[in-house]
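Have a look at the structure below before the remarks.
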């Protein structure tokens, strides 16, 4: 049975990606701002994907108590830099490169170093201000030597999943979805709900 999930994010690209993922799995999603006016989320922590996602989902679900609200938190972990990024990926990358091409920056960052990465996502479902369930997903692989592919954007143009030769952006939609960390987390959550 199709459900409509409310997505607690201010990131339009991420919100659209989650809507696309939900649609791929036979579900529906809308941004919370389609239901209520935009609000400021509580400040995120720097220690836990689960805590960050839960705070957002519970916060919005208090304002839309009868609706299922999902939120996520994701991060990039680089083998070459084990004490950087992770749950603080967006904050650290914004500080290191306020403008410019993040893909080129990451390619240069791991040049002549270990190119292995892990993208992690935690997706949570809340209703009535309470955590209901949690899904986890991750993608492991290596960072390409250059941007490749036009079937997607962002990090998909430099992420090569383990065991593959193509970047995510070189794969067709169905092939790419099976690797996406966020898609894996949403699928894990939906499986737990069924």
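Details
- Strands (runs of 3 or more DSSP E) wholly inside the stretch 82-194 containing at least 3 residues that are within 23 Å of residue 57 (Cα to Cα): 116-127, 130-143
- Yes/no for residue 47 being under 21 Å from residue 120 (Cα atoms), part of a loop (DSSP other than H, G, I, E, B) and modelled with pLDDT under 95: yes
- Residue 175 meets the stated requirement of being surrounded by fewer than 17 Cβ atoms within 10 Å (Cβ to Cβ), without any contact (Cβ under 8 Å) to a residue 12 or more places away in the chain and either touching a strand residue (DSSP E or B) at 6+ places or on another chain (Cβ under 6 Å) or closer than 16 Å to residue 20 by Cα (or both).
- Of note, residue 39 does not satisfy the criterion of being out of contact with any strand residue (DSSP E or B) (no Cβ under 9 Å at 6 or more places or on another chain), without any contact (Cβ under 8 Å) to a residue 12 or more places away in the chain, surrounded by fewer than 20 Cβ atoms within 10 Å (Cβ to Cβ) and over 30 Å from residue 160 (Cβ atoms).
- Looking only at residues in the stretch 8-26 that are surrounded by 19 or more Cβ atoms within 10 Å (Cβ to Cβ) and within 14 Å of residue 189 (Cα to Cα), the one that is nearest to the chain's Cα centre (by Cα) is 18.
The values are calculated or read from the model by the stated rules, or taken from the named source; none is laboratory data. For clarity, every value in this text was computed on a predicted model and none was experimentally measured. Cβ coordinates were reconstructed from backbone atoms using ideal geometry, including for glycine residues, and neighbour counts include every protein chain displayed.
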